[in-house]
């Protein structure tokens, strides 16, 4: 067990919440002490207004796990589950209330982009200050300065005050500094939720490099694609406790299933005349599942209730990437095949034949509109699903295919390469027969 | 390294502060850079505050009220005090806000929080140096020759820093928890100014009262500067025997209190 770099035992963090203001004034504190002292003197008991009772919440409770050197662990969970609190404790920003943690190695915390930035300082000056705050020595910053500027692509602007930078430039600078930290243990919190797509790709690449160099990474994210691509292991935190800890695929699936269960809608929101009660996803074999292969069919069964009789509604089923980019859609406003009417309980299903999606996480959205195209139900995410599988099984033989697939463009349209040497090569998702044979899909 | 709930009281880890000394320098550097960016007169601002205060005091106390100034011209009598006083006042005013102003950093990264108010105390030394140079110029102007006591000036600077740091630690920690402290500080500084012999001489007080007067740690600093630079005579020893220990007491208790409250900063600020 010599290579255990993080050992967490029974970690707990208690927060006080409630109507008490986040900060109080000295005047109030003194007044309270005084009045308590007075009332104790008067009645022999200490007072305490019932209305002022503080509420407490355990942001973390009984959390225990170990991380070995070189492991990349994803931490997932709903908002408020305690993920950021865990990282804060491991970063020594806040103290635990109980339990303890042991850390062996230099820790770098990437909890936000642009820590320590001051708008009046130039990019150059901010690199030094922010780098120092994040833990780099001046000599290290000197050495890496040019690389940082190059990574951020800000050579021309490095001597302008940061307040004149666009937000995109600030993000690039912030990440460039953080990316060159080189700690042995890296704690990353959702920092990939910012920046444009091209930059996100670059950031994920850099994190990938850190991983390849054998460093340990704890990575909090909602981006299941990134989690699956980077992490061999995932920990699911739910309401401050560990719900699952193990192989990424399994933990992510369990997590998404639980999230899926939360999508059942009971009551209509304002103005809605159609309720989406349940959505069931099935694969080519008709099995109810959340995991699909790149060659699978995707069947979306929508169980709805129309609150009154609705003539000729338009349905749409959209598949989007986990980040929200719409990928493709079945849309009755385009194809025109509307039901004559819907009334009461019903089910409509849409089957996407051979989805040709790469192994990533996806979102399903449903929209229903009346014949005057006004919305009958809010277009909302009704489910997640994952595409899984080894790229080689589907005809994509590059050695780095699996690592690259989770961050590449998700939709595969069949194509042909006309190579310089004259060869013409067709590429498509091959149909993967689990018994080991491969044919072209969609036949 | 072990992370566990901290209990009880203790001193800040000085070895760790030493490891982070570069960051202390960076915080002070940033403070100075930001203050003087886009200013026209730049470091001359450091002179304006003590200089114009001296002018006003000279008119009111020196000329109109005809305060005695221990045998030297009133302007330099008061300016000698204004230089360390301005340093102290600005240090604690800045330091009291420092934790709150830097909440973005302390909630996202680990560093020994002590560095933050310490950087305020350190960064004000630049202004102090500029004001001190003017003081040297004034001494030449008034043909006051320094005695060997001038060698004490570095020690006195350390004493000023210690006093400022002690108060700064208390103020910054209190302000992080009770947000009205920072509004009280300018008022506190005003009152403190008149409780310190900046505009007048300590000799105005009867000898019996002087030790009690020394409870104000800045009294020791000011009289020390006057003694070292202007050679004002003795009779003030009782003040020092009270003042300097008070400075140390403030510093020690400040370190203890700051360390104790430090762990709650990230949660409360």
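The values are calculated or read from the model by the stated rules, or taken from the named source; none is laboratory data. Remember, predicted model here, so these are calculated numbers, not experimental data. As a convention, Cβ positions derive from the backbone with ideal geometry for all residues, glycine included, and neighbour counts pool all protein chains shown.
Give the number of residues within segment B:234-256 that are assigned to a helix (DSSP H, G or I) and either modelled with pLDDT under 90 or surrounded by fewer than 16 Cβ atoms within 10 Å (Cβ to Cβ) (or both). So the answer is 14. Considering (1) at pLDDT 65 or above; (2) more than 12 Å from every other protein chain (Cβ to nearest Cβ), the lone condition that residue A:41 does not fulfil carries the number (1). Taken as a whole, the structure leaves residue A:142 outside the set of residues that are touching a strand residue (DSSP E or B) at 6+ places or on another chain (Cβ under 7 Å), surrounded by fewer than 17 Cβ atoms within 10 Å (Cβ to Cβ) and within 14 Å of another protein chain (Cβ to nearest Cβ). Elements of the type strands (runs of 3 or more DSSP E) sitting completely within segment A:291-357 and holding at least 1 residues that are at pLDDT below 90 and more than 30 Å from residue A:226 (Cβ to Cβ): these cover A:298-311, A:341-352.
Rundown of residues vs (1) surrounded by fewer than 16 Cβ atoms within 10 Å (Cβ to Cβ); (2) farther than 30 Å from residue A:112 by Cβ; (3) in contact (Cβ under 8 Å) with a residue 60 or more places away in the chain; (4) in contact with a helix residue (DSSP H, G or I) (Cβ under 9 Å, 6 or more places away or on another chain), yes/no style:
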residue: B:111; (1), (2), (3), (4): no, no, yes, yes
residue: B:115; (1), (2), (3), (4): no, no, yes, yes
residue: B:118; (1), (2), (3), (4): no, no, yes, yes
residue: B:121; (1), (2), (3), (4): no, no, no, yes
residue: B:126; (1), (2), (3), (4): no, yes, yes, yes
residue: B:132; (1), (2), (3), (4): no, yes, no, yes
residue: B:143; (1), (2), (3), (4): yes, yes, no, no
residue: B:147; (1), (2), (3), (4): yes, yes, yes, yes
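Of the residues that sit in segment B:1-20 and are away from chain A (no Cβ under 13 Å) and at pLDDT below 85, which one is surrounded by the most Cβ atoms within 10 Å (Cβ to Cβ)? Across segment B:1-20, the extreme among qualifying residues is B:12. So residue A:153 ticks every box in (1) touching a strand residue (DSSP E or B) at 6+ places or on another chain (Cβ under 7 Å); (2) at positive phi; (3) away from chain B (no Cβ under 12 Å) but one. Which box is left unticked? Going through (1) touching a strand residue (DSSP E or B) at 6+ places or on another chain (Cβ under 7 Å); (2) at positive phi; (3) away from chain B (no Cβ under 12 Å) one by one, residue A:153 breaks only (1).
For residue A:190, the conditions (1) within 16 Å of residue A:114 (Cβ to Cβ); (2) surrounded by 15 or more Cβ atoms within 10 Å (Cβ to Cβ); (3) touching a helix residue (DSSP H, G or I) at 6+ places or on another chain (Cβ under 7 Å) all hold with the exception of (3). Per the listing B:189, B:185, the residue uniquely more than 14 Å from chain A (Cβ to nearest Cβ), under 21 Å from residue B:121 (Cβ atoms), under 19 Å from the mean Cα position of the chain (by Cα) and at pLDDT 90 or above is B:189. A single entry from B:214, B:231 fulfils the requirement of being within 28 Å of residue B:75 (Cβ to Cβ), within 19 Å of the chain's Cα centre (by Cα) and more than 14 Å from chain A (Cβ to nearest Cβ): B:214.
Criterion applied to A:261, A:272 was being modelled with pLDDT of 75 or more and either crowded, with 16+ Cβ neighbours inside 10 Å or out of contact with any strand residue (DSSP E or B) (no Cβ under 9 Å at 6 or more places or on another chain) (or both), and the one residue passing it is A:272. The set of residues in segment B:185-204 that are out of contact with any helix residue (DSSP H, G or I) (no Cβ under 6 Å at 6 or more places or on another chain) and assigned to a loop (DSSP other than H, G, I, E, B) comprises B:195, B:200, B:201. The single condition from (1) surrounded by fewer than 24 Cβ atoms within 10 Å (Cβ to Cβ); (2) at pLDDT 95 or above that residue B:165 fails is (1). Just one of the numbered conditions (1) within 14 Å of chain A (Cβ to nearest Cβ); (2) surrounded by fewer than 20 Cβ atoms within 10 Å (Cβ to Cβ); (3) touching a helix residue (DSSP H, G or I) at 6+ places or on another chain (Cβ under 7 Å) is not true of residue B:38: (3).
Of the residues that sit in segment A:280-290 and are part of a strand (DSSP E or B) and at pLDDT 85 or above, which one is farthest from residue A:372 (Cα to Cα)? Per the criteria, the residue is A:282. Could you identify the single residue in A:375, A:371, A:353 that is farther than 24 Å from residue A:308 by Cβ, over 20 Å from the mean Cα position of the chain (by Cα) and surrounded by fewer than 18 Cβ atoms within 10 Å (Cβ to Cβ)? Exactly one of A:375, A:371, A:353 is farther than 24 Å from residue A:308 by Cβ, over 20 Å from the mean Cα position of the chain (by Cα) and surrounded by fewer than 18 Cβ atoms within 10 Å (Cβ to Cβ), namely A:353. Look at residue A:77 and say whether it is buried (at least 19 other Cβ atoms within 10 Å of the Cβ), more than 14 Å from every other protein chain (Cβ to nearest Cβ) and closer than 30 Å to residue A:256 by Cβ. For residue A:77, the condition - buried (at least 19 other Cβ atoms within 10 Å of the Cβ), more than 14 Å from every other protein chain (Cβ to nearest Cβ) and closer than 30 Å to residue A:256 by Cβ - is met.
Residues in segment A:399-414 that are modelled with pLDDT of 85 or more and either surrounded by 21 or more Cβ atoms within 10 Å (Cβ to Cβ) or part of a loop (DSSP other than H, G, I, E, B) (or both): A:409, A:410, A:412, A:413, A:414. In the set (1) on the phi < 0 side of the Ramachandran plot; (2) facing chain A (nearest Cβ under 10 Å), residue B:44 fails one condition alone, (2).
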